[in-house]
1. Does GLY155 meet the test of being at pLDDT 65 or above and either outside the structural domain of ARG74 (by TED's automatic domain parsing) or closer than 20 Å to ALA114 by Cα (or both)?
2. Tell me which of these SER86 doesn't satisfy, since it passes every other one: (1) at negative phi; (2) within 17 Å of the chain's Cα centre (by Cα).
3. So, in segment 64-82, of the ones that are buried (at least 16 other Cβ atoms within 10 Å of the Cβ) and assigned to a loop (DSSP other than H, G, I, E, B), which residue ends up modelled with the highest pLDDT?
4. Here are some residues: ASP39, ASP61. Which one is within 16 Å of ASP93 (Cβ to Cβ) and at pLDDT 85 or above?
5. When segment 101-127 is examined, which residues are found to be in a loop (DSSP other than H, G, I, E, B) and under 22 Å from LYS66 (Cβ atoms)?
6. Residues ASP93, ASP162, ASP141: which one is part of a loop (DSSP other than H, G, I, E, B) and modelled with pLDDT of 90 or more?
Amino acid sequence: MKGTVVLGTCAALFLVVFSLSLFSQGAEKETMPFGEKADVEFAEKLWKAMKGYQNWAMRTDVYPGKAPHGAFLRNYYNIVNVAGKSYHVIVKDNFGGQGATLESVSASPATHLAAVTVMLQREAGYDPDNNDWFWAKYKADGTIDMNSEGMALAGRVAKGTDVGCIACHADAEGGDLFFTNDKAE
């Protein structure tokens, strides 16, 4: 009887350890290539490097947008220095909310700013499948936004999925992953 209890306990313990091992392996496969500590730290430094971006000379006028960005948008372009390196960056102000019209957003952008989305071209080899772009989404106050699972939207956002930054921008003409230079239809 004593041997049966010990054997049963060992078998139960083995099943628990084996199950945890399988769960752990499955969790690793499900890990997304964004929102990690290094991504968040880089995105925080990037936000600081972009200070005053609304005054950059290279920017568009406010124009009508669409989901997921916002009812109205404005783009900015510059080169920023993050942690001692220079990077090309495209910043998009995403406007919306009650009363947002082209005129009201143009007159008072800060009133209607909902989010700021950024594409920054990292060093060669960062993500060669996607032209080495780093993606980030900030709330209007500059904090990094999170997806519904609580993952920070910074890094290779939603790489390998059918939705998200990379999947959508993969449809841009010319394979450059941005739409502003695409032909108007």
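1. no
2. (2)
3. Step by step, filter segment 64-82, then rank; the result is ALA71.
4. ASP61
5. THR101, SER108
6. ASP141
The values are calculated or read from the model by the stated rules, or taken from the named source; none is laboratory data. Not measured: the values here are computed from a predicted model. Glycine gets a Cβ as well: all are built from the backbone with ideal geometry, and neighbour counts include every protein chain shown.
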